[in-house]
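The values are calculated or read from the model by the stated rules, or taken from the named source; none is laboratory data. Since the model is a prediction, treat every value here as computed from it, not as a measurement. Positions of Cβ are generated from backbone atoms using ideal geometry, with glycine treated the same way; all protein chains shown enter the neighbour counts.
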Amino acid sequence: MSSVAPAAGGVGVLPRRKFELVLAGMPRRRAAEKRFRLYGQIAIGLGLAFLVILFASIILNGYTAFWQTHIRLDVTLDAARIDPQGNRDPEALRRADYNELIRDQLRAMFPDVSGRRDRLALYGLVSNGASFDLRDRVLANPELVGQKIALWVPADDDIDMLMKGNVDRSVPESDRRLKDNQLAWVDKLAAEGRLQQRFNADFFTRGDSRDAELAGIWGAAVGSLLTLMVTLALSFPLGVAAAVYLEEFAPRNRWTDLIEVNINNLAAVPSIVFGLLGLAVFINFFGLPRSAPLVGGLVLTLMTLPTIIIASRAALKSVPPSIREGALGIGASPMQVMIYHVVPLALPGMLTGTIIGMAQALGETAPLLMIGMVAFIADIPKGIFDPATALPVQIYLWADSPERAFVERTSAAIIVLLAFLAVMNAVAVVLRRRFERRW
Amino acid sequence: MTKATLVAAAALAAAAVGAAHAQSSRDYISIVGSSTVYPFATVVAEQFGKATKYKTPKIESTGSGGGIKLFCQGVGVQHPDITNSSRAIKSSELETCAKNGVKEVIEIKIGYDGLSIANSNAAKPASMTRKEVWLALAKEVPNPKGDGFVANPYKTWAEINPSLPNAKIEVLGPPPTSGTRDAFVELVMDEGCDQFPTVKALKKSDAKKHKAVCQTVREDGAFVEAGENDNLIVQKLAANPNAFGIFGYSFLDQNRDKVQGVAIEGVKPEFDAIASGKYPVSRPLFFYVKKAHVGVIPGLKEYVGEFVSTKAIGDEGYLSERGLIPMPAEERKKVMANAAGMTPMMAK
Amino acid sequence: MSEILEGHTVRRYDGELNTLHLLVLEMGGLVLEQCREALEALKSGDLETVRRVLTRESQVDALELKLDDNVWWVVGRRGPVARDLRVVMAFAKAVADLERIGDEAVRIAHTTLAVYDDEVRRPSRKLLRDVQTMGRLAVGMLQDAVALYDTFDLAGAESLVQRHHELDAEFQSSLRRLSTFILEDARNVGHAINAVLLVKALERIGDHARNLAEYVIYLVRGEDVRHGGAHPPQEGAGGGRGSR
Amino acid sequence: MTATQTSAVDATVAASRVKDAVNLSHIATVARDVRETVGEVRVRTPRMRCTAVNVYYGDKQAIKNVSVDVGQNEVLAMIGPSGCGKTTFLRCLNRMNDTIAGCRVTGEIVMDGEDINARRIDVVPLRARVSMVFQKPNPFPKSIWENVAFGPRIHGLAQDKTELEEIVVNSLKRAGLWDEVKDRLGDPGTGLSGGQQQRLCIARSIAVQPEVILMDEPCSALDPISTARIEELIDELREHYSICIVTHSMQQAARVSQRTAYFHLGDLIEVGDTKQIFTRPRHQLTEDYITGRFG
């Protein structure tokens, strides 16, 4: 061999020199590597920061809504006034004027208040719902008539805001919703221990109300639940069936291509279009009731179907063909292959797609607008035909309400919606785990 | 798996049949219409639902036009019983109604809504005229130095009127889809522009041009469309003392600790001033009842009764707490009689 | 090199077979040289040549070991089948035969020593004439056989197999002549025995040469023609199942 | 000796063999514009008899006029370079090609006097008779028990649980897997080693009690020891079944099969006794292929 030994591969660079070249390039490469990693970290950091800010602001704004200021009233349930017949007839008890009882008690507590305007201001300390609370309590337990009971009633939303520190006492009286005399009464009540922040159970058990202190999320939550149940019951079997047919059985021709293109396009159609479709088809043509979870579910089914079909098809595609062949090879019919092997294997993926679709549906307001689910509905829906609203719609409606107290309700409702989503995702994860462990 | 699917399908089919059945009767009142009336109607509905044995009515906020359209689609349980409106029904709409079988419609006026221009409490109280507001916000204004129209040259309020603050013109207002915007255009812009004789003259010669000049809002950043959420405008005003905002009276009323109303033609947007009609930027609010549904939908008559009761729309009624400006006692009496008798409108 | 060994996708395989082939040829050449020189020495009585034959025997042995080693490695590494299998097997068998031929050459050399060491009597020309005739025949066959490994000439191989009969006949007549010779003069017994050993060795060389030719036939045609080609019973023609 | 001479010799030999084969076989090879198959395509006791089978993928012809028998209790190995069509042909034997869009099979594949390639034949019972084992071990991601029980269950082979258990146990035993898995029948089949998985797949095939087992390179993903076990298993299974095996390993074909078929570009070039194919192939292409001279 000559004195110049060719380098490996015979490129003509001396091994020694080659190594030096590599070494010389290393700092640059390392720096580039580091930079690349840094970009990623920055991106993640930014994303996290925004998320934290969003969550923090929502939670900070909303957590106070889980407490509500209550006022303790000692109400004498004068039998002569609420049950003059003395037979505890529920109908009579129902019709009695409990408002008057509460007003009497308020007057008794502040005997020096006079004048119609001031009296009205005094009555305004307690919520409009107080008398109904009292009525419900008496109806539930007629034995109470004639007794003097201590009653915690929700305070008016303005008082609640004051107690939560959202009212600035330093601004001139004319610019405040709470006048000086009201502040004085509140201070007196507070000093007597008659004002208390209590857990706001109403928020989780009641339907919508125009009085912020009485407004609850339960109606919307039930509406969302019913709607999603309809959506799930329809879109999952339909989506999976469509996906299985398209992926496994449909012949490849112009028609199936057309269907495929259309499904993919449908996934990108703005959701309001589905609302219009739902209005035209389900309400105007089939005559289904407006504002019903059934129609909402149908419309959201239309909206989520493409998502589920696409995800399910992807899941089916990812099942190795060897499994199909294995089953076919010992004489399973195509349907048996599907049912025993392919679908169970694709199920986790299908579930993921479904949950994504459901989550999307849960957050959707636009299509519901067209079919009348964006509405003030105070009663809790009892079935899929009752008028109902949904969580995001409730948020939208509250965000638009003039009363100050609805600001925190809005954030609280968002928290509930997020919790809903978190629970759904958790369920999805659990389901997926279970199915994956089984096979 | 397949079995479950079949069961689900069967259940849904059964449900759909049940739905058709359920539709043949409806035990709650269905209300649609204006977003301005919505906050008042919902309060009445809630009160009604709690105090009576009837279900709480369902209220959709569809906008006045959308509400009337739905309302006029026909008679039957699938159609709404009541539509709220922040303006009087048009005769063309009544004709559509009649064509669809909605022959008898009861009009009920419930009070007034004041539209307020407001700025932050931190700023000095302001007073302006509708003419000045128009000059500040119109896209084209009459040429101050001669004939014709020029693109709005005013950058600060002081350029329009030296007594106004020497601050950049910045007004936050609702988008064109909003009823508040309609009212603002109708009650402020149209009125303001007609105070120029040249513009007023246009009304006769070139109605289209007149409408464009009066109603087109400038797009150079002085007017900011702040979205439908009026609470957002209030927050933005509190943060920026130089800005003015446009929203309904009820929002001003609820946020007096943050914002103050601007006096229009010297009158501040106060309850009494609006009720007495002194405050110029106010409009009447209505709802319309389908007479054919009275007696069919349970509680419809009672709901109307609740709405027109003194405890609701009276001077100290609970709706006034919510920012509704009550009618004078005379007018209210007439409305109550009208409601009690369920007297349909005469075709105009 | 021969086309019969080449054309593998794995070129190195070609090389390995060619190496084997060269070694076989080399060994063939060496063995042929041994036989020639042994005969030459017998004829001339040149003890120097005899010694050369004896010392070269170790080279033959070394070549045998080397060749066997190569064969094992090719079999182990390549798992030859079909023609390659036949080539390798033919070579492996040829090696054994060549080695035996080498042994016979050595045997001839030893006998030569015995013949010429006897100071009492010089061997008679007559006695050795038969040996020389057979020697020419056997070495000729061997030469042809070795040449076959260069050409893989099927016809040549088949004729070579036939030529074995000639050698056989010659061997038989040699034996007859030798026995006559002994009967003539009992003193010739010692030399006659040597002569018998020599012709026997030459007969063996011819046998091995025939084997070499038969391997070539097998290699080329895939047919075993040994022992008349009757064995083993041919399988195939649809009747081969169940042979495992 | 030159190449021309060599091939001339080969050709002569081949020609004479073909003549023999034609005389011996019941039906002469059907030749159109394609090559004639060298060797004996027919056997005395056929299990399946393929005649003039053509396979097309769209316009492309993948199998050209192939005729061959699969003998009773015989292992038929199919060898040939990649893309030669051996797997395609194998998949004709239980109509697995039906699952491939655009694939068309013509010709006759007779089993028990019935043309299984006829359209009217239901592939499901066919595949219960002619089952298949694949290149990559593909146990179902279920328990070992479920893997084996699947076939008998869908075909309704067992009347009750005991019978099913018997089938499963027997299949596992026959596949030589029983001792290794008897204590963990509930474990997932995918948790087994590669060789065990393939034997599980074979057990799964056996469980439907087929008559013919098709194996598509069953050992290509396995280590030598697993391969050896499978080969041994194939040899044992031959007692009860006819087996067709596609393999890329010539050694394996030589080890496990009684007859070997060599495919080349869709043609069946040569069929014959495995011993003959691997010592004295008659066709130059066969020889070149098995000695590693192309492909």
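In the set (1) more than 14 Å from chain D (Cβ to nearest Cβ); (2) more than 19 Å from the chain's Cα centre (by Cα), the condition left unmet by C:ARG77 is number (1). The set of residues from region B:273-325 being within 14 Å of chain A (Cβ to nearest Cβ), among the polar types (S, T, N, Q) and under 21 Å from B:GLN254 (Cβ atoms) comprises just one member, B:SER320.
For region D:65-149, the strands (runs of 3 or more DSSP E) that sit wholly inside it and include 3 or more residues that are over 16 Å from the mean Cα position of the chain (by Cα) are D:103-111. Just to be sure, is A:ALA378 in a loop (DSSP other than H, G, I, E, B) and either within 14 Å of chain D (Cβ to nearest Cβ) or buried (at least 23 other Cβ atoms within 10 Å of the Cβ) (or both)? So A:ALA378 fits the description; yes. Of the residues making up region A:195-209, those that are over 17 Å from A:ILE380 (Cβ atoms) and either among the aromatic types (Phe, Trp, Tyr) or in a helix (DSSP H, G or I) (or both) number 1. Is region B:192-215 home to any residue that is modelled with pLDDT of 85 or more, within 25 Å of B:GLY323 (Cβ to Cβ) and in the same structural domain as B:GLY148 (by TED's automatic domain parsing)? The answer is yes, given that some residue of region B:192-215 is modelled with pLDDT of 85 or more, within 25 Å of B:GLY323 (Cβ to Cβ) and in the same structural domain as B:GLY148 (by TED's automatic domain parsing).
If I go through region B:103-124 residue by residue, how many of them are touching a strand residue (DSSP E or B) at 6+ places or on another chain (Cβ under 6 Å) and either charged (D, E, K, R) or not in a strand (DSSP E or B) (or both)? Number satisfying all stated conditions: 4. The single condition among (1) without any contact (Cβ under 8 Å) to a residue 12 or more places away in the chain; (2) in the same structural domain as B:ILE246 (by TED's automatic domain parsing); (3) more than 21 Å from the chain's Cα centre (by Cα) that B:LYS333 does not satisfy is (2). B:ALA292 meets the conditions (1) part of a loop (DSSP other than H, G, I, E, B); (2) in contact (Cβ under 8 Å) with a residue 12 or more places away in the chain in every case but one. The failed one is (1). When B:VAL141, B:VAL133, B:VAL75, B:VAL102 are screened for being out of contact with any Phe, Trp or Tyr (no Cβ under 6 Å at 6 or more places or on another chain) and without any contact (Cβ under 8 Å) to a residue 24 or more places away in the chain, only B:VAL141 passes. Scanning region B:146-180 for residues that are free of Cβ contacts under 8 Å to residues at least 12 places away in the same chain and not in a loop (DSSP other than H, G, I, E, B), we see that the one that is surrounded by the fewest Cβ atoms within 10 Å (Cβ to Cβ) is B:VAL150. State whether one or more residues within region C:94-115 are outside any helix (DSSP H, G or I) and either of a type in the set (Phe, Trp, Tyr) or crowded, with 17+ Cβ neighbours inside 10 Å (or both). No, region C:94-115 contains no residue that is outside any helix (DSSP H, G or I) and either of a type in the set (Phe, Trp, Tyr) or crowded, with 17+ Cβ neighbours inside 10 Å (or both). Can you confirm whether B:LYS291 is over 30 Å from B:GLU191 (Cα atoms) and over 21 Å from the mean Cα position of the chain (by Cα)? In short, yes. Out of the residues in region A:384-439 meeting the condition of being farther than 30 Å from D:LYS142 by Cα, modelled with pLDDT under 85 and among the acidic types (Asp, Glu), tell me which one is farthest from the chain's Cα centre (by Cα). Selected residue: A:GLU403. Counting only helices (runs of 4 or more DSSP H) that sit completely within region A:54-168, those holding 3 or more residues that are under 19 Å from A:ALA191 (Cβ atoms) and assigned by TED's automatic domain parsing to the domain that holds A:VAL186 correspond to A:98-109, A:157-163. Scanning region B:263-282 for residues that are crowded, with 22+ Cβ neighbours inside 10 Å and either in contact with a strand residue (DSSP E or B) (Cβ under 6 Å, 6 or more places away or on another chain) or free of Cβ contacts under 8 Å to residues at least 24 places away in the same chain (or both) returns B:PRO269, B:ILE274, B:TYR279, B:VAL281, B:SER282. In this structure, A:LEU397 does not satisfy being crowded, with 22+ Cβ neighbours inside 10 Å and free of Cβ contacts under 8 Å to residues at least 60 places away in the same chain.
For region B:213-227, the tally of residues that are out of contact with any Cys (no Cβ under 9 Å at 6 or more places or on another chain) and free of Cβ contacts under 8 Å to residues at least 60 places away in the same chain stands at 5.
Close contacts from region A:84-99, counting a first residue that is surrounded by 13 or more Cβ atoms within 10 Å (Cβ to Cβ) and a second that is assigned to a helix (DSSP H, G or I), with Cβ to Cβ under 6 Å and a gap of 6+ residues or different chains, come to A:ARG88/A:PRO142; A:LEU93/A:VAL138; A:LEU93/A:LEU139; A:ALA96/A:ILE82; A:TYR98/A:SER131; A:TYR98/A:LEU134; A:TYR98/A:ARG135; A:ASN99/A:SER131. Here B:PRO125 fulfils each of the conditions (1) farther than 30 Å from B:ASP315 by Cα; (2) surrounded by fewer than 16 Cβ atoms within 10 Å (Cβ to Cβ); (3) in contact (Cβ under 8 Å) with a residue 24 or more places away in the chain apart from (1).
Could you check, for region A:238-248, whether at least one of its residues is assigned by TED's automatic domain parsing to the domain that holds A:ARG324 and closer than 30 Å to B:ARG322 by Cα? Within region A:238-248, not a single residue is assigned by TED's automatic domain parsing to the domain that holds A:ARG324 and closer than 30 Å to B:ARG322 by Cα. Residues in region A:316-326 that are more than 7 Å from every other protein chain (Cβ to nearest Cβ) and in contact with a helix residue (DSSP H, G or I) (Cβ under 7 Å, 6 or more places away or on another chain): 5 in all. The residues of region C:1-27 that are surrounded by 14 or more Cβ atoms within 10 Å (Cβ to Cβ) and of a type in the set (S, T, N, Q), listed by number, are C:SER2, C:ASN18, C:THR19. Selection over region D:223-246 of residues that are touching a residue at least 40 places away in the same chain (Cβ under 8 Å) and surrounded by 15 or more Cβ atoms within 10 Å (Cβ to Cβ) gives a count of 12. Per the conditions (1) free of Cβ contacts under 8 Å to residues at least 60 places away in the same chain; (2) away from chain B (no Cβ under 12 Å), the sole criterion not satisfied by A:LEU195 is (1).
Checking each residue in region A:325-384 for being among the polar types (S, T, N, Q), without any contact (Cβ under 8 Å) to a residue 40 or more places away in the chain and more than 25 Å from A:TRP398 (Cβ to Cβ) picks out A:SER333, A:GLN336. Number of residues in region A:248-276 that are within 13 Å of another protein chain (Cβ to nearest Cβ), over 34 Å from the mean Cα position of the chain (by Cα) and either assigned to a helix (DSSP H, G or I) or at pLDDT 90 or above (or both) equals 3.
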